[in-house]
Amino acid sequence: MRLVFVLHAYSGELFTYDARSGMVVFQDASRFPKRKLVLLREEAIASMVLLAPPPEGLADSLGALHAAHMATVHTPPETIRKRETAALRADYAEADKIGVGVSARAQAVFNVLAKTGPAKWDGEVIRIHDVTIAPPYAPDDAQGPNARSRDRIRLILNKEKAKIDAAVAAAAAASA
């Protein structure tokens with residue numbers, strides 16, 4: 001089955017549908033034997049296309065099993081919404097860690113600093129505590145009013161230089 005959403009399309013097998021919560025679950029069989037399950041809200045689906053009918057007899061044999069399973073297991077819709085909200089919050093937090101329009105070196109520096117404290121992007125400038133690091137993101141580019149914090153960030157950048165350079169080289173190789 002192929003689903004079209006507002007932002008993208010997805011192909012997979014229908015795993016289950018829960019009318020009470022409005023959730024549709026698809027599985028991606030491309031990674032056999034591991035399967036990736038994708039939970040989607042019903043209202044997010046713009047259109048659906050059936051790519052192939054289900055195997056003969058499968059619907060009948062699974063129907064009874066599915067009915068028995070649904071009779072014994074129930075996840076309240078509020079629990080599903082809370083999990084969805086938490087997952088979205090986590091996804092947005094991860095997205096905030098990606099710099100927009102910055103170099104691979106800038107992102108590598110940010111990734112190193114984010115492991116040590118609450119780093120944030122402010123345009124092309126990295127902010128961590130009261131320290132800012134502007135392009136070209138060298139240890140001497142760390143500026144801030146607190147000498148101890150500034151020196152700590154410079155020390156981290158000096159010690160992690162090899163990791164930063166390796167990340168930049170890997171990004172360059174991946175884009176080539």
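Details
- Amide N of the stretch 142-176 lying under 20 Å from the label point, which is placed 7 angstrom from the Cα of His129 along Cα→Cβ: 142-161
- Peptides 121-133, 160-172, 102-114, 75-87 ordered by packing proxy, namely the average of other Cβ atoms within 10 Å per residue, highest first: 102-114, 121-133, 160-172, 75-87.
- Counting charges near Ala147 (Lys, Arg +1; Asp, Glu -1) among other residues having Cβ under 15 Å from its Cβ returns a value of +1.
- The modelled label-to-label distance between Asp151 and Tyr10, using points 7 Å beyond Cα along the C-beta direction, is 5.2 nm.
- Stokes-Einstein diffusion coefficient of the stretch 104-175, Kirkwood radius over Cα pairs, 20 °C, 1.002 mPa s, in µm²/s: 177
- Charged neighbours of Arg105, selected by a Cβ distance under 15 Å, balance to -3 (K, R count +1; D, E count -1).
- Each label point was placed 7 Å from the Cα along the Cα-to-Cβ direction; for Ala90 and Ala138 their separation is 4.0 nm.
Read the figures in this text as sums done on the coordinates, not as results from a lab. Here the structure is a predicted model, which is why all the values come from computation and not from measurement. So basically every Cβ, Gly included, is an ideal-geometry build from the backbone, and we count neighbours across all protein chains shown.
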